[in-house]
């Protein structure tokens, strides 16, 4: 195969930052699709000249230029003839820190000062062509969330371009799957709340997640929420969950857990009676809009509906504990308990100055579920009982066991 191969993008950036990288991407300059196919590479996709290495499976892309000629993701004219230079290929990339390359000798090629921006902890667009792809609004917000802990910030000139993209309406042309991919990745970042903040700074949150955007400026009782602002509370819960290393499903559930507070009539503020129930249709709307996978959607709905009831478990009667277990579907899905409790705990602790307070409610629900699961209908005397009566007896015995704190192993 003719042509020169360069390591590009995130692997170069992360090497300079001294952090591990999971994937490597390569650019081939001065070659053709026919040469790569003849060398055993396998082409993926029809629109872009991307190939998989025959041995490593890593992605090798022919150097290319892109020119916007229509709306949406497919509105680009792509040119990948052998004369396209490395600098031209790097110019089409989103951020300077992602527009660096490394040759086979390990030398850095940095035509757009990405290393300088890395050192200054700046996320800055490479060129005005940044505006041509609306997905970059989400990508920049995701990078801000990923690198926030290292002091990175989005340059104001880049934020201005992100605002222009939002104002143009181009974000609305993004397909749901692409939006969800970025959102899901942001939920796994070290500071997922920063993702929301950056989207809000460039006016995109009101377009992509108006139900979340509406929460900022909505007050809560200061006695329970020293941070007062509902939107700020949501960010605190998300960042706390991330700091604990809890899964992205938990973080996403926290993003949506208080949506009902955005519907509270102003005359009732700062109280939000019944916000758990009123938020459920909004969770469904968000999940449908982004085509959120079922596991994320299911947890988000249960956390929205039940988080306040879990907070009250310490003083709750055994019947109430049993009802929470049933409503959370934990008898059928006990595997969901850890994530469900993590989300509830993050909501309880995700409040200004209260981040370290204990959450004994988790232990009570864990032990109660263990007791409940250990009591099975097949172990009871059910002679002469019909199905309804068996269910009633089983439930009564489980409630009695919760009341007695029975040892499930006994």
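Distance between the 7 Å Cα→Cβ label points at residue 315 and residue 190: 4.0 nm.
Which number do you get for Rg(Cα) / (2.2 N^0.38 Å) in region 202-352?
So the Cα radius of gyration is 1.00 times the expected 2.2 N^0.38 Å.
Ordering 86-97, 33-44, 379-390 by mean Cβ neighbour count within 10 Å, with the highest value first, yields 86-97, 33-44, 379-390. With the convex hull constructed from alpha-carbon coordinates only, region 86-237 shows a mean projected area of 10.1 nm² over all directions.
What would the Debye formula give as log10 I(q)/I(0) at q = 0.19, 0.24, 0.25 Å⁻¹ for the alpha-carbon point model of region 264-337, no solvent? Normalising to I(0) and taking log10 leaves -0.89, -1.12, -1.16. Across the alpha-carbon set of region 1-115, the Rg to Rh ratio works out to 0.96, Rh being the Kirkwood radius. For residue 81 and residue 150, the difference between the fully extended length at 0.36 nm per residue and the C-alpha to C-alpha distance is 21.0 nm. Ordered by the number of other Cβ atoms lying within 10 Å of each residue's own Cβ, fewest first, 32, 237 fall into the sequence 32, 237. Across region 306-410, the fraction of Cα-Cα pairs farther apart than 19 Å, rounded to a whole number, is 46%. A helix-only calculation puts the chain at -14000 deg cm²/dmol for mean residue ellipticity at 222 nm, using -39500 (n - 2.57) for each DSSP H run of at least four residues, averaged over all residues. Calculated FRET efficiency, residue 273 to residue 22, Cβ-Cβ distance, R0 = 51 Å: about 0.65 to the nearest 0.05. Computed from label points 7 Å out along Cα-Cβ, the spacing between residue 88 and residue 44 is 2.5 nm. Ordering 249, 305 from the fewest to the most neighbouring beta carbons within 10 Å gives 305, 249. Computed over the chain, the alpha-carbon pair-distance distribution with 10 angstrom bins reads 4, 19, 24, 21, 15, 10, 6, 1, 0, each value a whole percent. Legend: calculated FRET efficiency, residue 163 to residue 352, from the Cβ-Cβ distance at R0 = 45 Å, rounded to 0.05, equals 0.95. Once you reduce region 180-206 and region 258-328 to the center of their Cα atoms, the two points are 22 Å from each other. Each eigenvalue of the Cα gyration tensor of region 119-161, multiplied by 5 and square-rooted, gives one semi-axis; in descending order these are 18, 12, 7 Å.
Taken together, the values in this text are just the output of simple stated rules run on the coordinates, not laboratory data. It should be emphasised that the depicted structure is a prediction, and the values quoted were computed from it without experimental measurement. Heads up, the Cβs are rebuilt from the backbone with ideal geometry, glycines too, and the neighbour counts pull from every protein chain shown.
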